[in-house]
Amino acid sequence: IHPFAPASQTEGYREMFGQLEGWLAEITGFAAVSLQPNAGSQGEYAGLLAIHGFHESRQQGNRRVCLIPTSAHGTNPASSTLCGYDVVQVSSNEQGVIAAAAVANAMDEDVAALMITNPNTLGIFEKNIEAVAEVVHGKGGLVYLDGANLNALMGIAKPGHMGVDVLHMNLH
């Protein structure tokens with residue numbers, strides 16, 4: 001919508017956007033979604049800034065570390081660094097997924113979030129995601145899901161039901 005379009009001429013767009021937001025919330029398992037920003041890279045940036053704001057609101061601005069599995073999407077370390085986070089890698093296990101124990105070993109009071117891709121870049125479903133999310137949440141962190149491979153979950157699993165706190169979707 002053009003920013004100067006009169007509200008009376010955008011009712012159809014607003015109805016369509018509201019319906020799309022509802023559908024996306026339903027298929028992801030989240031209470032609400034935003035259609036902004038429009039690109040995956042900007043979605044990562046916005047999501048990480050939201051995580052930063054969350055921790056700041058709780059006087060936990062010291063949380064400046066983002067855990068990223070070696071199997072995550074390649075843009076994740078770059079986005080985390082752009083947002084001022086220090087990146088700590090978490091290795092995958094012999095099955096190609098991250099283990100809750102590996103995340104627990106890396107978690108401390110400086111960790112803001114774990115940024116995960118599911119299915120990961122190896123094409124493997126992160127079957128431990130709920131246990132991993134419990135570990136992250138138990139230590140005060142948040143779980144960010146890179147939605148680059150989200151199409152593989154559609155109709156099968158909902159990220160909001162897996163312990164994911166923040167997600168960007170690449171609708172392509």
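The values are calculated or read from the model by the stated rules, or taken from the named source; none is laboratory data. As the structure is a prediction and not an experimental result, all values here were calculated from the model. All Cβ positions, glycine included, derive from the backbone under ideal geometry; neighbour counts span all protein chains shown. Surface accessibility is based on the protein's heavy atoms, side chains included, excluding ligands, DNA and RNA. Shrake-Rupley method; radii C 1.70, N 1.55, O 1.52, S 1.80 Å.
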Accessible surface ranking that places the most exposed of S79, S92 first, with a 1.4 angstrom probe: S92, S79
Inter-probe distance in nm under a simple model that places probes 7 Å from Cα toward Cβ, at R58 and A78: 3.0
Ranked packing of 45-53, 5-13, most packed first, by mean Cβ within 10 Å: 45-53, 5-13
Positive minus negative residues near M107 (Lys, Arg vs Asp, Glu; Cβ under 13 Å): -2
Placed amide H near V87: partners under 5 Å, 5+ positions off or other chain: C66
Protection proxy ranking of 22-32, 68-78 - average other beta-carbon atoms within 10 Å, highest first: 68-78, 22-32
Gap separating the Cα centres of the stretch 14-47 and the stretch 94-115, nearest whole Å: 27
Apportionment of accessible area to carbon and sulfur, the stretch 1-136, percent (1.4 Å): 54
Solvent-accessible heavy-atom area per residue, rounded to whole Å², over the stretch 24-118 at 1.4 Å: 46
Anisotropy class of the stretch 4-94 from Cα gyration tensor, a/c 1.5 cut: prolate
Integer Hz, Karplus 6.51/-1.76/1.60 couplings in order for the stretch 98-112, x for Gly and Pro: 7, 10, 4, 5, 5, 5, 4, 5, 8, 6, 8, 6, 8, 7, 8
Cut-off 13 Å between beta-carbons: net charge of the residues surrounding G29, Lys and Arg +1, Asp and Glu -1: -2
Correct option for Rg and Dmax of the Cα atoms in Å [calculated from the coordinates] among (i) 16.8, 58; (ii) 22.4, 74; (iii) 17.3, 51: (i)
